[in-house]
Amino acid sequence: MASSSDSDSQSKETILSRHRTAAEEVVSDHTQLYIGGEWQDAASGETFDTLDPTTGEVLASVPRGRAEDVDRAIEAAWDTYEREWSETTTSERQAVLLEIADRVEAHSEELAKLETLDNGKTLMEARIDMNTTAEQFRYFAGVVESDRGQTEDGDGYHGKVIHEPYGVVGQIIPWNFPLAMASWKLAPALAAGNCSVIKPAEQTPLSLLRLMELVDDVVPDGVVNVVTGYGEEAGAPLSKHEGVRKIAFTGSTVVGKQIMRNAADNVTDVTLELGGKSPIVVHEDADPQAAVETIAFAIFANTGECCEAGSRLFVHEDVADDVLEGLIGAAEGMTVGDPLDEATDLGPKVSHEQVERTTNYLESAREGGAEFLAGGEPPEDEALEDGCFVAPTLVEGLDHEHEAVQEEIFGPVLEVFRWEDYDEMMTLANDVDYGLAGGVITNDIEKADRTAHDIEAGYIWVNTWHEMSPGLPYGGYKQSGIGRELSVDTLDHYTQTKSIKYGLH
Ligand code: NAI
Ligand code: MG
């Protein structure tokens, strides 16, 4: 790992003052609940702090929302839905979505900086998130215009199929792509004609609150209601509420299961985007250098805090030594440090809890006989001691049954397996509870196609990773989730289908 403190731009004092200045610049005063278009405190008056994971300093206090705040938000959402939003045409909603996209774009640098402060991702990664966010609103603005329903003419009848919004939907967002994940959920929900009560993650509430401030005059009051708070206190009441007709969640599989159980009481429709432990399969013909670039990106992007991260590498024995040598160089060459510094490759994790989770898995891997090809220890750099930093890590020699291989680590940790027999390798590649994504690296189209079909997952990359395009549905097999985002299918998840049959007697 490249040491960062030898450069002035990464000294402890510089990092601290850079972050304090940025926070003064971009953290807004409006860090409250946003309900019915108004900034409000929690009914209890309680707040909690959101921290900057690079410095450990407090960025802002936000209301600690609970069930009664969720009730209030749901009431405001229904009120707007019935009074106003359910009467809107698709073109009116399209105009709102396009204006949201324009505002995001006009403020993208400010929003990116805020995201970097609250989450720890590098500024470059945060900028990509802002592009994604604007793109989501534009994509669903287009898609909704093409959703015209259908007519059926049968023997002696005429029929019509229409898609109606649910009314009020609940949306629970994770901290790894705070604003981008909110846009994945808000854009289709609003396009389809729903009002939303949305809960950002407690670690990263600021970008969504700032977005609502920026679009306050664009989005009618009560269409989007933001309740900040903890999962158990604000998220659980939202998923149990009988006023919520559909709940959408991205986060851990454990919580996804709880949400499904909660939703069962009201037979609320659920879509879930959960964890992953995605395999990267490298065939014997792969160009090692190109493979290294794709693999490093697959596991280290966003500090490994990606549900779709490629976290299990299955590399063919013929190219394994070259690929691993390249990967060790890539891991050790990364600059770990201040995510606001453009020279940084790997920012901190989002929180100390997340660092502990990763280090516990590394400890367990060590006890399980793992060999660390790179990383495995916290970065030795005083400038980073108050932040949530972990080093890019490569692990070999673990049994595939080991918990560090089976479970999602959500950090920059890649587990390596060598293979010669394709069928044996594929059995292992599929031997996890997850099935979110996977990938194959080869120049042979037949191998690419075979492996893409053989991996049990909802999204497969060939010679690339992470890139997602609106129009290609995204979602998991097995315990990685239910439903698809980023596509026309998503609108179906935010509407209910009604058939109307006319007798022609
Ligand atoms: P989490 O699943 O607890 O958090 C995600 C969201 O769910 C947050 O907004 C949280 O407040 C909310 N939440 C938590 N408990 C809830 C409940 N009982 N009812 C309703 N909402 C609830 O994830 P956490 O604990 O922050 O991270 C643990 C692990 O989960 C990570 O290490 C990672 O493996 C996985 N994860 C996966 C994500 C993905 O993109 N698929 C995103 C975040 C975490
Ligand atoms: Mg934070």
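The values are calculated or read from the model by the stated rules, or taken from the named source; none is laboratory data. Here the structure is a predicted model, which is why all the values come from computation and not from measurement. With ideal geometry, Cβ positions are generated from the backbone for all residues, glycine too; neighbour counts draw on all protein chains shown. With ligands, DNA and RNA removed, areas are computed over all heavy atoms of the protein, side chains included. Shrake-Rupley method; radii C 1.70, N 1.55, O 1.52, S 1.80 Å.
Worth a mention:
- Straight-distance candidates among the lysines for linking to LYS277, with alpha-carbon spacing under 24 Å and chain neighbours fewer than 8 residues away dropped: LYS121, LYS185, LYS257, LYS349, LYS447, LYS478.
- Computed magnitude of the charge dipole of the stretch 278-470 (debye, nearest 20; Cβ of K, R +1, Cβ of D, E -1): 440
- R0 of 22 Å, Cβ-Cβ distance SER28-GLU342: FRET efficiency to nearest 0.05: 0.35
- Restricting attention to the chain, close to 45% of DSSP beta bridges with both partner residues there are antiparallel.
- Accessible area per residue was computed with a 1.4 Å probe on protein heavy atoms; ASP265 scores about 130 Å².
- Charge context of THR50, other residues only, Cβ under 9 angstrom, K/R +1, D/E -1: -4
- Check: the chain dipole with +1 on Lys, Arg Cβ and -1 on Asp, Glu Cβ, in debye: 2080
- Gain in span if fully extended, ASP421 to LEU98, counting 0.36 nm per residue against the direct Cα distance: 111.2 nm
- Cα gyration tensor shape for the stretch 177-281, rounded if a/c is under 1.5, else prolate or oblate: oblate
- When Rg and the Kirkwood radius Rh are both evaluated on Cα atoms of the stretch 426-487, their ratio Rg/Rh stands at 0.97.
- The stretch 29-113: translational diffusion in µm²/s, Stokes-Einstein, Kirkwood Rh over Cα pairs, 20 °C, 1.002 mPa s: 137
- Dividing the mean sequence gap of close Cα pairs (under 8 Å, 6+ apart) by how many residues the stretch 1-121 holds gives a relative contact order of 26 percent.
- Nearest-ten-degree value, helix 317-332 long axis tilted from longest Cα axis of the chain: 80
- Remark: relative contact order (the chain) = 19 percent; criterion is Cα-Cα distance under 8 angstrom and separation of 6 or more residues.
- Calculated on alpha-carbon atoms, Rg and Dmax of the stretch 354-480 in Å: 16.5, 50
- Across the options ILE162, LEU384, ALA134, the greatest Cα extent toward the positive end of the charge dipole of the chain (unit charges at beta carbon of Lys, Arg, Asp, Glu) belongs to ILE162.
- Angle between the chain longest axis and helix 123-145 axis [Cα atoms, degrees, rounded to 10]: 30
- At R0 = 30 Å, FRET efficiency that the Cβ-Cβ distance of THR359 and ARG20 yields, to 0.05: 0.60
- Taking the Cα centre of the stretch 404-505 as reference, the dipole from Cβ charges on Lys and Arg (+1) and Asp and Glu (-1) amounts to some 760 debye.
- In this structure, ILE445 and GLN289 have a Cβ-Cβ separation that, at R0 = 22 Å, corresponds to a calculated FRET efficiency of about 0.60.
- Debye equation applied to the C-alpha atoms of the chain, log10 I(q)/I(0) at 0.06, 0.09, 0.11, 0.12 Å⁻¹: -0.28, -0.63, -0.93, -1.09
- With 0.36 nm allotted per residue and the present C-alpha distance subtracted, the LEU472-GLU87 stretch has 135.6 nm of extension available.
- The calculated P(r) of the stretch 107-221, using every Cα pair and 5 Å bins from 0, goes 2, 11, 19, 20, 16, 10, 7, 5, 4, 3, 2, 1, 0 in percent.
- To put it simply, the accessible area of the chain at a 1.4 Å probe is 46 percent carbon and sulfur.
- The stretch 370-425 and the stretch 41-69: distance between their alpha carbon centers, rounded to Å: 33
- Computed helical MRE - 222 nm, the chain, DSSP H runs ≥ 4 contributing -39500 (n - 2.57), nearest 500: -12000 deg cm²/dmol
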